[in-house]
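A short worksheet on the structure shown next.
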Amino acid sequence: DTGVSQDPRHKITKRGQNVTFRCDPISEHNRLYWYRQTLGQGPEFLTYFQNEAQLEKSRLLSDRFSAERPKGSFSTLEIQRTEQGDSAMYLCASSPGGGSEAFFGQGTRLTVV
Amino acid sequence: GQNIDQPTEMTATEGAIVQINCTYQTSGFNGLFWYQQHAGEAPTFLSYNVLDGLEEKGRFSSFLSRSKGYSYLLLKELQMKDSASYLCAVKRNYGQNFVFGPGTRLSVLP
């Protein structure tokens with residue numbers, strides 16, 4: 001399977017714990033995006049990488065959130081001191097750049113209890 | 001800033017045609033994309049427009065008017081499997097990220 005892969009698919013954590021999600025983009029894609037989606041809403045942009053450079057971060061991304069793409073391949077999204085409001089689907093997408101569409105992974109569903 | 005509007009819900013009958021509208025206000029427009037998302041699944045790409053006019057892909061067509069900030073997705077010969085949310089997204093020419101609308105939940109009835 002050469003699609004975008006995310007791990008884990010589901011995560012349940014207690015409030016205050018740290019969590020980390022991983023995204024493996026399509027191999028030749030240099031652009032990688034993280035989005036958050038809650039029920040009944042469209043995806044909200046969190047951050048964007050071109051290769052290893054993090055070029056844009058949403059104001060939604062508080063200082064408890066950090067994302068990395070150390071070698072321009074896979075990316076991680078960490079949430080520290082999770083809160084119940086962080087419960088959502090976290091989607092990763094990649095694209096080859098230019099005017100191309102983004103391809104989404106299956107997402108990681110986070111539940112904070 | 002960006003603002004994208006879509007109807008929240010629509011209902012149509014199997015075999016019919018449905019048009020889902022999207023209006024947007026954004027700076028630095030670089031394309032309008034349509035995605036389909038079934039419940040609990042990832043969005044999948046359907047169609048995109050960069051220039052004004054109609055793009056046709058099988059049962060799906062998408063139209064764009066940049067001067068009006070308006071697009072629509074046309075679904076023909078509706079099937080039960082078309083019941084899903086349809087997301088309109090604008091790509092900006094700086095930052096390069098996609099800004100999504102709230103989505104339109106389409107229910108196809110027999």
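The values are calculated or read from the model by the stated rules, or taken from the named source; none is laboratory data. Every value quoted in this text rests on a predicted model; they were computed, and no experiment measured them. A quick note on method: Cβ atoms are made from the backbone with ideal geometry, for glycine too, and the neighbour counts reach across all protein chains shown.
Confirm whether A:T20 is in a strand (DSSP E or B), hydroxyl-bearing (S, T, Y) and modelled with pLDDT of 95 or more.
Spelling it out, A:T20 is indeed in a strand (DSSP E or B), hydroxyl-bearing (S, T, Y) and modelled with pLDDT of 95 or more.
Are any residues in region B:25-43 exposed (fewer than 13 other Cβ atoms within 10 Å of the Cβ), closer than 18 Å to B:L106 by Cβ and touching a strand residue (DSSP E or B) at 6+ places or on another chain (Cβ under 8 Å), and if so, which ones?
B:A39 - this is the single residue of region B:25-43 that is exposed (fewer than 13 other Cβ atoms within 10 Å of the Cβ), closer than 18 Å to B:L106 by Cβ and touching a strand residue (DSSP E or B) at 6+ places or on another chain (Cβ under 8 Å).
Given the residues A:Q84, A:Q54, A:Q6, A:Q37, which is the only one that is touching a Cys at 6+ places or on another chain (Cβ under 7 Å), at negative phi and not small (G, A, S)?
On the way: A:Q84 fails: touching a Cys at 6+ places or on another chain (Cβ under 7 Å); A:Q54 fails: touching a Cys at 6+ places or on another chain (Cβ under 7 Å); A:Q37 fails: touching a Cys at 6+ places or on another chain (Cβ under 7 Å).
Of A:Q84, A:Q54, A:Q6, A:Q37, the one residue that is touching a Cys at 6+ places or on another chain (Cβ under 7 Å), at negative phi and not small (G, A, S) is A:Q6.
Residue by residue through region A:13-49, note down the ones that are under 30 Å from B:E9 (Cβ atoms) and surrounded by 13 or more Cβ atoms within 10 Å (Cβ to Cβ).
Looking only at region A:13-49, we keep the residues that are under 30 Å from B:E9 (Cβ atoms), and these are A:33-46.
Correct list: A:Y33, A:W34, A:Y35, A:R36, A:Q37, A:Q41, A:G42, A:P43, A:E44, A:F45, A:L46.
Pull up region A:1-12, narrow it to residues that are polar (S, T, N, Q) and modelled with pLDDT of 95 or more, then point me to the one that is surrounded by the most Cβ atoms within 10 Å (Cβ to Cβ). Before you say what the answer is, go through the steps one by one.
As a first pass, look at region A:1-12 and keep what is polar (S, T, N, Q): A:2, A:5-6.
From the residues that got through so far, the ones that are modelled with pLDDT of 95 or more too are A:5-6.
On the way: A:S5: 15, A:Q6: 22.
This residue is A:Q6.
For (1) farther than 17 Å from B:G103 by Cα; (2) touching a strand residue (DSSP E or B) at 6+ places or on another chain (Cβ under 9 Å); (3) touching a residue at least 60 places away in the same chain (Cβ under 8 Å), each residue gets a yes or a no:
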| residue | (1), (2), (3) |
| --- | --- |
| B:P7 | no, yes, yes |
| B:F45 | no, yes, no |
| B:N49 | yes, yes, no |
| B:S67 | yes, no, no |
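Identify, please: which residue in region B:60-110 is over 22 Å from A:K57 (Cβ atoms) and basic (K, R) and is, among those, nearest to the chain's Cα centre (by Cα)?
Looking at the filtered set, the residue picked out is B:R105.
Filter region A:1-43 down to residues that are free of Cβ contacts under 8 Å to residues at least 24 places away in the same chain and closer than 13 Å to A:D86 by Cα, then give me how many there are. It would help to see each step written out before you state the result.
Within region A:1-43, the subset free of Cβ contacts under 8 Å to residues at least 24 places away in the same chain is A:1, A:39-42.
Restricting the remaining residues to those that are closer than 13 Å to A:D86 by Cα gives A:39.
The total comes to 1.
Mind listing whichever residues of region A:65-84 are assigned to a loop (DSSP other than H, G, I, E, B) and within 22 Å of A:S95 (Cβ to Cβ)? Step through it out loud before you land on a result.
Here is the first cut: in region A:65-84, the residues assigned to a loop (DSSP other than H, G, I, E, B) are A:69-74, A:80-83.
If the condition is that a residue be assigned to a loop (DSSP other than H, G, I, E, B) and within 22 Å of A:S95 (Cβ to Cβ), then A:R69, A:P70, A:K71, A:G72, A:S73, A:F74 are the ones that fit.
Filter region A:85-110 down to the residues that are farther than 16 Å from A:I26 by Cα, in a loop (DSSP other than H, G, I, E, B) and within 14 Å of another protein chain (Cβ to nearest Cβ) and list them by number. Talk me through it step by step, then tell me what you get.
Step one: list which residues in region A:85-110 are farther than 16 Å from A:I26 by Cα, which gives A:85-90, A:99, A:108-110.
Applying the additional criterion that residues be in a loop (DSSP other than H, G, I, E, B) yields A:87, A:99.
Listed by number, the list holds a single entry, A:G99.
Go through region B:62-110 and count every residue that is of a type in the set (S, T, N, Q) and touching a Gly at 6+ places or on another chain (Cβ under 6 Å).
Initial filter on region B:62-110 (of a type in the set (S, T, N, Q)): B:62, B:65, B:67, B:71, B:79, B:83, B:85, B:93, B:96-97, B:104, B:107.
Narrowing the set further to residues that are touching a Gly at 6+ places or on another chain (Cβ under 6 Å) leaves B:85, B:93.
Summing the residues that are of a type in the set (S, T, N, Q) and touching a Gly at 6+ places or on another chain (Cβ under 6 Å) in region B:62-110 gives 2.
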